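Notes follow the structure.
The values are calculated or read from the model by the stated rules, or taken from the named source; none is laboratory data. Since we're looking at a predicted model, the values are computed, not measured. Ideal geometry is used to build each Cβ from the backbone, glycine not excepted, and the neighbour counts take in all protein chains shown. Please note that ligands, DNA and RNA were not included when accessible areas were found on the heavy atoms of the full protein model with its side chains. Shrake-Rupley method; radii C 1.70, N 1.55, O 1.52, S 1.80 Å.
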Amino acid sequence: MKLLVCVSKTPDTTAKISFNAENTEFNAQGVTFIMNPYDEWYALVRAVELKEKHGGTVTLVNVGGADNDAVIRKGLAIGADDAIRVDMPSGSSLNVAKQIAAVAKDGGYDIVFCGKETIDYNGSEIGGMVAELCDLPFISYASSLEMDGTNATIARDIEGGKEVVEVATPFVVSAAKGMAEQRIPNMRGIMQARRKPIKVVPAVDAANASTIVGYEMPPAKAECKMIDPENMEELVRLLHEEAKVI
Amino acid sequence: MSVLVFAEQQGGELKKAAFEAVTYGKKTADVLGVDCKALVLGSASNAAELGKYGAAEVLTVSDASLDGFDGSVYTSAIAQAAEAAGASVVVLMHSAKGKDLVGRLAAKMDAGSAPGVNQLPTNDGAFRVKKNVFSGKAIAEIEISSANKVISVMGNSFQPEATGADAPVNELSVSLPAARISVKSVDKVTGSVPLPEAELVVSAGRGMKGPENWNIIEEMADILGAATACSRPVADIHWRPHHEHVGQTGVAIRPNLYFAIGISGAIQHLAGVNSSKVIVVINKDPEAPFFKAADYGVCADLFDVVPKLNEALKKFKAGA
Ligand SMILES: Cc1cc2nc3c(=O)[nH]c(=O)nc-3n(C[C@H](O)[C@H](O)[C@H](O)COP(=O)(O)OP(=O)(O)OC[C@H]3O[C@@H](n4cnc5c(N)ncnc54)[C@H](O)[C@@H]3O)c2cc1C
């Protein structure tokens, strides 16, 4: 099986979120970047598990500059065989998806994996876009995936429950919690990763259809009102009369 | 030109989130000076009611291939309806289906997109909308410059506003591709309120000491008609099911009221819940970071306070 895993780079979950003086750009100063947890913990690890069980190869694809190579190396250390980096500063989701779709079409993969969303822009769009551009079925928010020959059985998260679907390869899937367990790369993996190839390819021509023009911080919360633990009637009254939520 | 809203039905009926989306679509149409139309895939007994929330016309597509959910079939139906309605702006709900469709439809229509918006577009020539980013730690303003635009609207951001009368419902004939995804089973948690759409949420963390103590949390959720949620470690050690895990790496929610009981308020937890309108924190540690994000706080042992709170809520419900 040929598996392609889309990986992106995001600020660490504890990173302080701030912007430049004009509030038009994310301030990356002092921020540690990681592989998007959904891409790493769920999509990539499941792809590596499938390779271990059924044979095949796992290729990573990332759209970005050379400063993304550290994140890509981590993916190689976790167990991917090789990587393709489309050399382009990040763009709108549709632009990025067009880059990934070009790679996906070119490689003839059986499954294209991505995370359910990135923890920075929280878009959850890339998987569906790549699927449409490649005319493939797309299963979003998958919490399990089992292969039987070329047929997959996938559970996907829906409102208040799960839906189990069947689909034949090739397809695109976005991975949510439950798909796999986080793997910490071992020393051997890290050593091997250094020798695995990262192929850099030029971007295909595509425009940005949307742009972020500004950022703001959420409105600050008013001071927390402390309630006497002996007087829960008071809390109920405030929720009803002041906050008007019950 | 018009704005087309894909109003999702559930089991043959439109629910509140669909009315919210159409209210949003109508207001967006007003900003753009065009009309608003709604699309229902499958049938909904109350489809005409979308007119009250601003749809000038309701289009429906009934086709057996829409019974199971395959995003490419839905995308094809919505794109054809947008064409028929002369719509260059399509509004989806930011639901499980909406999140699945937003990217696919944007690619199909070669449209700029904004998933999970929570404010109306600007009204100054440019089309700009806002959405939460960095898991709720900031808000981004996105400008969509392409002719076609696809956005999905966050649940519970807009209250449905009924002003008009029922709209005409017209069946649209479209040609749909064959489904490639077949649905084998749908397993919904029955009897309880689904978390992503809940207006009231009672959530508890490691401070509960063990799964056997959750009866007081479930009792509270019962009294309030609330959904239950939990912190990540609680789901990881299997005290509670995974679908209850909220936060940056779990479900992101924005209920009207969020009770955080025995949860410390780690940044990754806050990221998924800090858009809640009102937050109540019960924690015995006065230094718990959650108090900084709370509207109301009770600093005490939860095993003392929650039963008392439940009694007070019962009394309130009996009187209300
Ligand atoms: C990459 C990453 C992603 C993460 N994503 C998430 C996520 O999505 N969601 C999430 O929740 N976490 C997430 N975490 C974990 C997060 O950092 C915290 O560890 C977690 O939220 C803590 O859970 P907790 O508050 O239940 O437990 P604790 O931090 O152990 O807090 C328990 C709290 O209960 C209080 N308490 C104890 N006993 C009582 C009592 N008798 N009465 C009243 N109060 C009491 C304590 O004072 C304490 O504040 C993530 C971590 C990482 C590194």
Problem - Count of the stretch B:148-197 residues which are within 13 Å of the chain's Cα centre (by Cα), at pLDDT 90 or above and among the small types (Gly, Ala, Ser) - result: 1
Completion exercise
Among A:Val96, A:Val31, the single one that is open to solvent by 10 Å² or more (accessible area, probe 1.4 Å), free of Cβ contacts under 8 Å to residues at least 40 places away in the same chain, in contact with a Ser or Thr (Cβ under 7 Å, 6 or more places away or on another chain) and within 14 Å of chain B (Cβ to nearest Cβ) is A:Val96
Exercise for the section: Evaluate the stretch B:138-156: report whether one residue or more is surrounded by 19 or more Cβ atoms within 10 Å (Cβ to Cβ), within 11 Å of chain A (Cβ to nearest Cβ), acidic (Asp, Glu) and in contact (Cβ under 8 Å) with a residue 40 or more places away in the chain. Expected result: no
Practice task
Check the stretch A:52-60 and report whether any residue there is away from the ligand (no atom under 16 Å from the Cβ), open to solvent by less than 20 Å² (accessible area, probe 1.4 Å) and in contact (Cβ under 8 Å) with a residue 60 or more places away in the chain.
Solution key: no
Exercise for the section: Examine the stretch B:160-177 for a residue that is within 11 Å of chain A (Cβ to nearest Cβ) and open to solvent by 10 Å² or more (accessible area, probe 1.4 Å), and state whether such a residue exists. Expected result: yes
Practice task
Would you please name the residue that is nearest to the other protein chains (Cβ to nearest Cβ), looking only at residues in the stretch B:97-117 that are open to solvent by 10 Å² or more (accessible area, probe 1.4 Å) and touching a residue at least 40 places away in the same chain (Cβ under 8 Å)?
Solution key: B:Lys99
Handout entry: Residue satisfying condition, being at the interface with another protein chain (Cβ under 10 Å from one of its Cβ atoms), at pLDDT 95 or above and either surrounded by 15 or more Cβ atoms within 10 Å (Cβ to Cβ) or not in a strand (DSSP E or B) (or both), within set A:Glu223, A:Glu241, A:Glu233
Key = A:Glu233
Practice task
Check B:Val129, B:Val133 and return the single one that is over 22 Å from A:Cys114 (Cα atoms) and buried (at least 22 other Cβ atoms within 10 Å of the Cβ).
Solution key: B:Val129
Completion exercise
Reported set for the stretch B:206-226 where residues are closer than 15 Å to B:Ile253 by Cβ and outside any helix (DSSP H, G or I) is B:Ala226
Practice task
Examine the stretch A:122-134 for a residue that is part of a loop (DSSP other than H, G, I, E, B) and more than 8 Å from every other protein chain (Cβ to nearest Cβ), and state whether such a residue exists.
Solution key: no
Practice task
Report whether or not A:Gly108 is more than 11 Å from chain B (Cβ to nearest Cβ), surrounded by fewer than 24 Cβ atoms within 10 Å (Cβ to Cβ) and in contact (Cβ under 8 Å) with a residue 24 or more places away in the chain.
Solution key: yes
Problem - Looking only at the stretch A:205-220, and only at residues there that are more than 7 Å from chain B (Cβ to nearest Cβ) and free of Cβ contacts under 8 Å to residues at least 12 places away in the same chain, the one that is most open to solvent (accessible area, probe 1.4 Å) - result: A:Asp205
Practice task
Kindly indicate whether any position in the stretch A:67-76 is more than 25 Å from B:Gly250 (Cα to Cα) and of a type in the set (Gly, Ala, Ser).
Solution key: yes
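Matching residues to (1) open to solvent by 10 Å² or more (accessible area, probe 1.4 Å); (2) among the small types (Gly, Ala, Ser); (3) in contact with a Ser or Thr (Cβ under 6 Å, 6 or more places away or on another chain):
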{"position": "A:Ile139", "(1), (2), (3)": "no, no, no"}
{"position": "A:Glu159", "(1), (2), (3)": "yes, no, no"}
{"position": "A:Val173", "(1), (2), (3)": "no, no, no"}
{"position": "A:Gly178", "(1), (2), (3)": "yes, yes, yes"}
Handout entry: Filtered residues of the stretch A:1-28 (kept if over 14 Å from A:Leu76 (Cα atoms), touching a residue at least 60 places away in the same chain (Cβ under 8 Å) and among the polar types (S, T, N, Q))
Key = A:Thr10, A:Thr13, A:Asn23, A:Thr24
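Within the stretch B:59-69, is there a residue that is at the interface with chain A (Cβ under 10 Å from one of its Cβ atoms) and outside any strand (DSSP E or B)?
So far as the stretch B:59-69 goes, yes, one or more of its residues are at the interface with chain A (Cβ under 10 Å from one of its Cβ atoms) and outside any strand (DSSP E or B).
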Practice task
Pick out the one residue from B:Lys292, B:Lys284 that is in contact (Cβ under 8 Å) with a residue 60 or more places away in the chain, farther than 21 Å from B:Leu224 by Cβ, in contact with a Gly (Cβ under 9 Å, 6 or more places away or on another chain) and not hydrophobic (A, V, I, L, M, F, W, C).
Solution key: B:Lys284
